[in-house]
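Presented below is the structure to which this report refers.
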Amino acid sequence: MKGKELLYTIELLEQQKGIPKEAIIELLEESILSALKKRLGEDLDIEVRLDVETGDFNVFQLKKVVKDGEVKDRNKEIALSDAKKIDPEVEEGDVIRVPFAIEGMGRIAARATMQALTQKLTQLERDIIYNTFKKKEGDIVQGTVLREERGNIIVDLMGKAEGILPPREQVKNERYRKGDTMKFYVLEVRRGRGGEPRIILSRTHPRLLERLFEKEMPEVVAGLVSVKSVARDPGERAKVAVAANDPEIDPVGACIGVRGARIQGIVRELHGENIDVVLYSDDPKEFIANALKPARVRKIIIDEENKEAKVIVDDDQFSLALGRRGQNVRLAAKLTGWKIDIKTVSEYGLSELEEGED
């Protein structure tokens, strides 16, 4: 491989593998330089440059320019008069690049080029994939299910890499069929054996839902609405607390949309997971009451020191406040960061409740 064929191969690698042309050229130059030094000696100060017009490799010896008659080491020094034949503007003390002819240069370049392409380019490609997806940690990516391996779901990430969805990050009632396209949360990117990038994905992480809101809700994208917190029972139900950054906007309505049109896109992405959009408040009582909806709250007693809240509801609201298997109150507690204890009016005492009401 030489000349125009080599230049074509470099461009092809850049397009198919995403490896910058400059990085490939530098890699090839370093490989040939290493091969030459093994043959000529490590103390020889030379450099290799690829001519990007012809595809040929040129070798130069670096020499210091000294006064005529003062050359002591011809491998490292050159007389000023000889140096000016190469570069008329050179001055004493400069370092000049002297063309260096090597017998069998074509064979050396070919062998070093093949070694570089088979050994080092693989690692360079791995480095690029690692760095690309390391920046995406904590974000979402789209991928297509390829196959299952020992319980892990292997996902094609835009044709650039393969991600791993471990069993613990899979939603128990989701099915991952070959060819299915969905969005994944990038949980972690680390090095595996031989430096191969391991991209760990999640479908259960709360921030998957947060990122979906941040990327797909127009008002959130525009910065008019903020997502304050998220709580999930993956595949079943979730609560998302939102707040308006513009007093003219209803943040809950903006996220739900007319007849639920906006939220339905995210519900479909999460395969039917029910999503409650909750109005955030700096007032913990108001925030807890909102988080417990659709249940209606009669009274909330706050213990600031222990961050505990006793919530009083009418008897007929108790089951609704708890939710199926305690899911509603559990998600509300996660969403608000408060420990919530639900009591009925009967348990608490009606007279006591009326006395304590504002």
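Read the figures in this text as sums done on the coordinates, not as results from a lab. As the structure is a prediction and not an experimental result, all values here were calculated from the model. Every residue, glycine among them, receives a Cβ derived from its backbone with ideal geometry; neighbour counts consider all protein chains shown.
Tabulated results
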{"quantity": "Nitroxide proxy distance, nm - points 7 Å out along Cα→Cβ at Gln264 and Met182", "calculated": "2.1 nm"}
{"quantity": "Sequence-separation-based contact order of the chain, relative, with Cα cut under 8 Å and 6+ spacing, percent", "calculated": "9 percent"}
{"quantity": "Amide H within-cut-off set for Lys343, under 5 Å, with H built and near neighbours excluded", "calculated": "Val311, Ile312, Val313"}
{"quantity": "Burial ranking of peptide ranges 203-215, 58-70 (average Cβ count within 10 Å, highest at the top)", "calculated": "203-215, 58-70"}
{"quantity": "Dipole in debye (nearest 20) - the range 285-358, about Cα centre, beta carbon charges: Lys, Arg +1; Asp, Glu -1", "calculated": "680 debye"}
{"quantity": "Relative packing of 81-90, 288-297, which averages over residues the other C-beta atoms within 10 Å, highest first", "calculated": "288-297, 81-90"}
{"quantity": "The range 150-158 - phi-based ³J(HN,Hα) in whole Hz, Karplus 6.51/-1.76/1.60, Gly and Pro as x", "calculated": "6, x, 7, 9, 8, 10, 7, 9, 6"}
{"quantity": "Ranked packing of 260-268, 278-286, most packed first, by mean Cβ within 10 Å", "calculated": "278-286, 260-268"}
{"quantity": "Calculated from backbone phi, Karplus (6.51, -1.76, 1.60) coupling profile of the range 241-254 in Hz, x at Gly/Pro", "calculated": "8, 10, 9, 8, 9, 10, x, 7, 9, 8, x, 5, x, 5"}
{"quantity": "Linear extension gain, Lys339 paired with Asp303, 0.36 nm per residue minus alpha-carbon span", "calculated": "12.0 nm"}
{"quantity": "Long-range amide H partners of Asn245 with built H, under 5 Å", "calculated": "Val225, Ser226"}
{"quantity": "The range 53-89 versus the range 213-231: alpha-carbon centroid distance in Å", "calculated": "64 Å"}
{"quantity": "Given (1) 67; (2) 50; (3) 55, the label whose value is percent of Cα pairs over 26 Å apart derived from this model", "calculated": "(1)"}
{"quantity": "Per residue convex hull volume, Cα atoms of the range 3-132, in Å³", "calculated": "135 Å³"}
{"quantity": "R0 of 35 Å, Cβ-Cβ distance Glu14-Ala243: FRET efficiency to nearest 0.05", "calculated": "0.20"}
{"quantity": "Fully extended contour minus Cα-Cα distance, from Ser81 to Glu53, at 0.36 nm per residue", "calculated": "7.0 nm"}
{"quantity": "³J(HN,Hα) computed for each position of the range 312-329 - Karplus, 6.51 cos²θ - 1.76 cosθ + 1.60, integer Hz, glycine/proline x", "calculated": "9, 10, 4, 4, 6, 9, 4, 5, 5, 5, 5, x, 5, 6, x, 5, 5, 6"}
